[in-house]
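First up is the structure itself, then whatever we jot down about it.
The values are calculated or read from the model by the stated rules, or taken from the named source; none is laboratory data. Treat the numbers as computed from the prediction; the structure is a model and nothing was measured. As a convention, Cβ positions derive from the backbone with ideal geometry for all residues, glycine included, and neighbour counts pool all protein chains shown.
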Amino acid sequence: MTDRLARATTASGAVALTGLGLLAVSAGLLWLRAESLRPGPRSGPLAWSLLAGAGLFWVGLLGYVGLPGLCRDLAVRTVGRHRTVLACLALALSLAFLLTLPLGLAARGAAGLPLLTVTLVVLVNEGALLLVLVWRVLRPGALPCAQFGLSWAALRTHWRLGVVGGLALFLVTVLLAALLRQVGLNPSQARLFAGVRTADPLALGLFVLVSAGVAPLVEELFFRGFVFGVYRRFYGRLKAYVFSAVYFAVVHYNPLVNPEVVLPVAVIGLALAYLYERSGSLVPAVIAHGLNNGLAALALVLETVATD
């Protein structure tokens, strides 16, 4: 069974790469022609090839990530591969994109998404990361649970490190944001969360809960426990820090709102990875991440209200 699943996984990877190639070529040709995707004598076939490429890519990616989750031996044997981590991240991002696309289309042209909708989008994104992590890594036991270091003993031992780390991290990001503004960049996310102006207390409370509670836990499990853990174990410390920080920044990248936020997010990723490596537990990283997000959410609310 393991050999059959391994061959099917390899075939799925080939399908995903074929779809990605078709997707890239079709998108490039459409961009060069500067035409819309509406059916027409010239753009119609390219539009269909674009959709076909996207479909092949997603189906192949689903098989490449999902099939090893059915077999512990295969999951363990392939978890340390660079392409496995990339595929897991790509599947989570594409799944979140597909699920949140209707919300984005519904709000097209609006000044900003309602805060409750933004919170729902964040929940979907975190849910996609968690689903991929559980199926591909946690469920088949691809990585030892001890690697995550989540326990009551770890909480009692490392909570102070998390609090100090979170306060220090928030201070560093504030200073970094001030420096970026000095060179003409604005890493603020106030535009994305403009809905706080009209949000009721319940929506604000849910937003803070998700930002400071759900998101830190899921993202630390995925980016530090899984991504950093895999690269640290199989590729060394330097690659673990670099790749986990880059992937963490990519997930938070939004070219339509504020691409400058990538640098502070990457710095946050490096700092959280340090807390994880120093303690051997995700506990201080989760606490620091949650505290930083909570303070940032409060600052964002104050900043947005102050601009009214």
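Selection of segment 279-308 for residues being within 20 Å of the chain's Cα centre (by Cα) and at pLDDT below 90 yields Ala296, Ala297. Residues Val257, Val227: which one is at pLDDT 90 or above and β-branched (Val, Ile, Thr)? That would be Val227, the only listed residue that is at pLDDT 90 or above and β-branched (Val, Ile, Thr).
Among the residues in segment 12-35, are any in a loop (DSSP other than H, G, I, E, B), loosely packed, with under 14 Cβ neighbours inside 10 Å and modelled with pLDDT under 75?
Scanning segment 12-35 turns up at least one residue that is in a loop (DSSP other than H, G, I, E, B), loosely packed, with under 14 Cβ neighbours inside 10 Å and modelled with pLDDT under 75.
Restricting segment 123-172 to residues that are β-branched (Val, Ile, Thr) and either modelled with pLDDT under 90 or within 18 Å of the chain's Cα centre (by Cα) (or both), which is surrounded by the most Cβ atoms within 10 Å (Cβ to Cβ)?
Val137
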